[in-house]
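One structure is given here, and the rest of the page talks about it.
The values are calculated or read from the model by the stated rules, or taken from the named source; none is laboratory data. Not measured: the values here are computed from a predicted model. A quick note on method: Cβ atoms are made from the backbone with ideal geometry, for glycine too, and the neighbour counts reach across all protein chains shown. With ligands, DNA and RNA removed, areas are computed over all heavy atoms of the protein, side chains included. Shrake-Rupley method; radii C 1.70, N 1.55, O 1.52, S 1.80 Å.
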Amino acid sequence: MERFKILSDADLLRIDQASRALLMEVGVEIHDERAMDYYEKAGAHVDRENHRVYVPDYLITATLNKCSSSVRLYNRRDPEPIVIGGDDVYFGTVGIATNVLDINTDQYRAVLTQDLIDIIRLSDALDRPHYILVPGTPTDVPSTIVDLIETKALLMNTSKHFITEAQNAENCKRAIEMAAAVAGGLDKLIAKPFMTMLVTLTSPLHFRQDVADLIIESALVGLPLFIESGPMAGGTGPATMAGTLICANAEILNAIVLAKAVNPEVPIIYASWARLLDMRVATCSHGGPEFAMLRVGTTQLAKYYGLPSGGGSVLGDTKSIDVQLGMEKMGTGLLPALAGTNMCTGMGLFADENAISLETLVIDWEITGWIERVLRGIKVTKETCDLAVFKEVGPGGDFVRCEHTRENYRIESFLPQIMDRGYLALDKDPLAKTMRKRAKKLFPKLMQAYKGPEIPEEIVRKMDEIIAR
């Protein structure tokens, strides 16, 4: 299938050139001595007095030459990894939500650890998401170890590949130690990594201490890095979408330079949450057309550099599970997928990324299935164009009873589980069976397929000891 594009080759070249000039002429503010040491050793110009790093053009080119066009992400159930690269598209969850729309009370409340466990288990039971980025932030645990609690919840409740976060160097080391304990050793974890580290950059052009820690500690051991930048057009990025793309691209390239300076072999995924600041309500929009367009743009940039791509997708601004939610999630899911974004990350979240629900994840499972059917395209072959079935039916006949139909119906069709189809005459109450109600009804049936990973009790105790240190 021909991939959807929004930027021409000339556009990509201009954005690339502007991004490189930005890193050389303006530079990035960094307050981490270890990071500055790595940059300086790699060939960047480091102004320690003003905490500024300037990355020359040749260093960016040399760094990109060290990058792979694909990354293998393993899991703990299937020996075959998912290969991130090319035009293959995978869908995943996304994190940071501190609110949950309770499936039982229909009320918003703070996310608790059990909510995180529930959403991870549902994610594990479904065939999509293909991977899990920690999908919520529990509020019932100390903030100093919430990232470690999240990592433990992922290790305990899913066998899928997951992306976790850490808020400093020490917690990053602990997260890696926990994963290594489950894997049976650090060497086994690195040989077939089932965990990727999330790196969230700060716009414009500011490198936080925790970001430097994450990149350095993860790169030292060789764990994959999911590096994302999310400038808001008109807020933390220029008001033009082209300017915001330049900002995001420069920040990601700068982070990749550090990662490859630490370890030339560390796997890298180029990702972005570049978005728009809505000046009327003073919030960033994740459900508008600009978000989807920026995702297409960053995906094209990743492909321009030959890098695996990822970023925000299947997201919405609405605070209700309503028509707007479906409209926004389909738009922000379909465009990046058509562009070939390798990791479309956002299943489950809504309310401008501030809330999550079990029903929304089920709805997103249906939406991504719809999108996957589009990505498969129309198969035009000798077999699918064979006229034999027309000769069998003849003029004025029907194809319902044909063997040809029985053989091809399920292959060709998207068969929804919670979308409403059927005769109006059989169901005239539009409020009786909303999509959310159908998702709630399907949820317990879906959970019958859940079978969590089996982790020995001594490994669980070891993880608790690591967290408590």
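Of note:
- Charge dipole (segment 62-180, unit charges on Cβ, about Cα centre) - positive-most of VAL83, PRO138, ASN99: VAL83
- Cut-off 15 Å (backbone N to label point 7 Å along Cα→Cβ of GLN324), residues of segment 264-296: 278-289
- Measuring nothing but protein heavy atoms, the accessible surface of the chain at 1.4 Å probe radius is 55 percent carbon and sulfur.
- Here SER69 sits with roughly 70 square angstrom of accessible surface, probe radius 1.4 Å.
- ARG208 versus GLU265: modelled label distance in nm, points set 7 Å from Cα along the beta carbon direction: 3.1
- For q = 0.22 Å⁻¹, Debye-computed log10 I/I(0) when each Cα of segment 172-257 counts as one equal scatterer: -0.94
- Segment 99-145: C-alpha gyration tensor shape, a/c 1.5 cut-off, then a/b vs b/c: oblate
- Relative contact order of segment 49-192, pairs being alpha-carbon contacts under 8 Å that are 6 or more residues apart, as %: 20
- Applied to segment 128-142, the Karplus parametrisation 6.51 cos²θ - 1.76 cosθ + 1.60 on θ = phi - 60° returns per-residue 3J(HN,Hα) values of 10, x, 7, 8, 10, 8, 2, x, x, 10, x, 9, 9, 10, x Hz, with x for Gly and Pro.
- A simple packing score, the average count of other Cβ atoms within 10 Å per residue, orders the peptides 13-21, 361-369, 269-277 as 269-277, 361-369, 13-21, with the highest score first.
- Mean Cα-pair separation over length for the chain, i.e. relative contact order, pairs under 8 Å, 6 or more apart, %: 18
- Per residue, the solvent-accessible area of segment 108-246 (1.4 Å probe, heavy atoms of protein chains only, all protein chains present) comes to 30 Å².
- Average accessible surface for segment 1-69: 59 Å² per residue, computed with a 1.4 Å probe over protein heavy atoms with every protein chain in place.
- Listed residue pairs exceeding 24 Å between alpha carbons, taken from LYS173/LYS462; LYS329/LYS379; LYS152/LYS319; LYS152/LYS260; LYS5/LYS192: LYS329/LYS379; LYS152/LYS319; LYS152/LYS260; LYS5/LYS192
- Among complete DSSP H helices in the chain, those whose alpha-carbon atoms stretch at least 15 Å along the helix's long axis and whose mean Kyte-Doolittle hydropathy reaches -0.5 are 9-25, 113-125, 146-157, 169-183, 209-221, 241-262, 289-305, 323-339, 358-376, 457-468.
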